[in-house]
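Okay, so here's the structure we're looking at.
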Ligand code: ZN
Ligand code: MN
């Protein structure tokens with residue numbers, strides 16, 4: 001018997017028996033292909049929510065669906081901007097349609113408990129829109145027992161000791177995070193071969209005006225594409241973040257889907 005938590009690694013028989021027997025929560029990471037500075041690969045926003053989803057799924061006997069790999073357009077004040085080569089984004093309507101199609105297919109399989117694990121800030125509103133349209137459609141089909149949870153995983157990193165270790169200066173937090181100590185530490189823990197700390201550029205957190213300009217003023221973004229400084233990143237801190245997020249999410253998943 002295959003013990004994988006990953007939907008794509010199960011046979012259809014293993015999957016359908018688990019769905020029918022356990023009514024499991026199915027987790028869907030929602031990521032992006034987006035530059036993360038000179039020192040990290042562009043799949044950070046896919047790898048991190050996938051690892052969080054895997055950790056939680058193992059705690060709650062859930063299933064992790066394949067991630068949505070592409071996300072909504074990188075915005076300058078949250079992800080550096082969509083103008084970097086390599087950053088590869090979807091129109092909002094496309095992202096909504098992709099998420100809604102996946103939810104509808106899982107519903108057809110018999111899944112009734114869904115959890116969207118957002119790994120890219122810009123995806124959140126589109127994820128919520130997809131959920132709303134999905135639930136409206138499901139109700140029209142006469143299905144009224146589907147329940148969907150959504151969150152951006154980093155909001156569960158709230159242990160004061162972890163935050164103090166990550167941000168010893170009081171000003172900094174994950175609010176300015178893009179390729180900084182938070183994401184870099186998680187990557188050093190999970191996929192160190194995709195991080196090159198020698199290429200990391202140390203700079204103070206980006207400071208933006210409270211408005212956007214389109215087309216963007218590219219020079220508003222620190223040149224490497226990161227918005228906060230990756231200095232002080234470590235695999236040990238990455239494990240602290242992952243453990244904190246998995247623990248907090250496990251608790252609310254158990255509560256909401258009991
Ligand atoms: Zn990111
Ligand atoms: Mn992002």
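The values are calculated or read from the model by the stated rules, or taken from the named source; none is laboratory data. Note that the structure is predicted; figures quoted are calculated from it, not measured. Positions of Cβ are generated from backbone atoms using ideal geometry, with glycine treated the same way; all protein chains shown enter the neighbour counts.
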For segment 35-69, name all the residues that are within 11 Å of ligand 2 (Cβ to nearest atom), in a loop (DSSP other than H, G, I, E, B) and within 17 Å of residue 201 (Cβ to Cβ). 35, 36, 42
Return yes or no: is residue 46 over 23 Å from residue 224 (Cα atoms) and modelled with pLDDT of 95 or more? no
Scan (1) farther than 30 Å from residue 258 by Cα; (2) touching a helix residue (DSSP H, G or I) at 6+ places or on another chain (Cβ under 6 Å) for the single condition residue 168 breaks and write down its number. (2)
Given (1) at pLDDT below 90; (2) closer than 19 Å to residue 121 by Cβ; (3) loosely packed, with under 13 Cβ neighbours inside 10 Å; (4) more than 16 Å from ligand 2 (Cβ to nearest atom), number of the condition residue 175 does not satisfy: (4)
Spot the failing condition for residue 103; the list is (1) over 23 Å from residue 206 (Cα atoms); (2) more than 14 Å from ligand 2 (Cβ to nearest atom); (3) surrounded by fewer than 20 Cβ atoms within 10 Å (Cβ to Cβ), and only one is missed. (3)
Please go through segment 96-125 and give me each residue that is in contact with a helix residue (DSSP H, G or I) (Cβ under 7 Å, 6 or more places away or on another chain), within 16 Å of ligand 1 (Cβ to nearest atom) and without any contact (Cβ under 8 Å) to a residue 60 or more places away in the chain, ordered by number. 121
Matching option when the condition is away from ligand 2 (no atom under 16 Å from the Cβ), in contact (Cβ under 8 Å) with a residue 12 or more places away in the chain and out of contact with any strand residue (DSSP E or B) (no Cβ under 8 Å at 6 or more places or on another chain), among 246, 210, 252: 246
